[in-house]
Amino acid sequence: MSISSLITFLKSKESIIFNGAVALLTVGGQQLFSFFAFSCPCHHTHNLNYGLAFLGVPALILLIVGFVFNDNTWRLFTNSASRFYIQDYSRQSTLMRYKLICYVLLSIIGRALVAPVTWLAVTLLNGSYYVCALSEYVSVEQYDFFRNMSVEVRRNTLARLPCQQLVPANLSRIREEILLELKYQSQVTGWILIALVAVTVFLILCIARCCSPLSYLHLWYWTNYINNEQTLFEQATDQHSKIYAMENIKKFFGFAPGSKHITDIRIPSRDDWKAISGLDLLQVINADHCNYSLLHSWAEEDQEDGKYIHLDVAPDSADTVTPP
């Protein structure tokens, strides 16, 4: 397979590769997090909160990060929330608008869920958090050791089981059996979660393909077109913004960066420096025009030519002049 063919294949599977990379990073992060941070308190009033915090809080943070770093999230909420991507309502039915909204939201949520679901699955398969959180609630009716204990003493004793150094020697065998039972429950729950996610993703993909108006090859072409359009648009945006910014800088300093032959430079006045200094946000001038920065606002105003200095020798060629 040639390099170009490999690149084309990878681009066509960009979403799968991205989700796989996120999942792998989450797995690695979870292992490091467990090794360096997790330490069960082994106390009957703290175990549940501590274990659930390690299960839920990182998953919530990863979910929020997934929303924040998804461009479609900000495309959906930028500008007027009532427009939802559709610029001309007369060309789209109400049903089509809601279909588009649902599609975008499902796409955002689906990608954002990759990392937190991976975190939950890996932590459940590991079992440490689950064991810590639910150790005091495990059923121990089959053990004679706990039958004559009060509920409070029993919970306090069971809460100490994750910490081997806090458990009496006569409880070692019972401790091992209880921990094995809890790890079994945790790992089974983890595999059930993985199975449910896999089946759900498969069904969603099947439904999406069945409802697609495009054939398989046409859909593949459309996916490549969208990727190429986005890449070319980003390149054009970068080049266009550089040229536009260069024009404004040229008006302020009298020359453009990278010029080979500079014969005159402009000396900005104190008012000019004040006008472009400070903090600023995007300024909406009218329905068709915005100013992107203070320098842009300054350049858009009718400025006097200002003070110019003529250069006898261009700065970029001064180093090449041979002294007499």
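The values are calculated or read from the model by the stated rules, or taken from the named source; none is laboratory data. Quantities reported herein were computed from a predicted structural model and do not represent experimental measurements. Protein only, heavy atoms only, side chains kept; ligands, DNA and RNA dropped before computing areas. Shrake-Rupley method; radii C 1.70, N 1.55, O 1.52, S 1.80 Å.
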What's the carbon and sulfur percent of the range 185-264's accessible surface, probe 1.4 angstrom, rounded to a whole number?
71 percent
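Jot down the per residue volume, in cubic angstrom and as a whole number, of the convex hull over the alpha-carbon atoms of the range 174-266. If you can, show how the numbers build up before the last one.
On the way: hull volume 22.8 nm³, N = 93.
Expressed per residue, the convex hull around the Cα atoms of the range 174-266 is 245 Å³.
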State, as an integer percentage, the relative contact order of the range 95-207 based on alpha-carbon contacts under 8 Å between residues 6 or more apart.
37 percent
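How large is the translational diffusion coefficient of the range 95-223 in µm² per second when you combine the Kirkwood radius over alpha carbon pairs with Stokes-Einstein at 37 °C and 0.692 mPa s? Could the numbers behind the result be given before it?
Numbers: Rh = 18.5 Å.
For the chosen part, D equals 177 µm²/s.
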Cα convex hull of the range 101-144, projected area averaged across orientations, nm²
4.9 nm²
Round to a whole angstrom and tell me the spacing of the C-alpha centers of the range 165-188 and the range 110-127.
25 Å
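Relative contact order of the range 244-296: what whole-number percent is it, with Cα pairs under 8 angstrom and at least 6 residues apart? Walk me through the numbers on the way to the answer.
On the way: 44 pairs, mean separation 14.5, N = 53.
Contact order relative to length: 27 percent.
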Residue-normalised accessible area of the range 217-307, given per residue in Å² at a 1.4 Å probe:
78 Å²
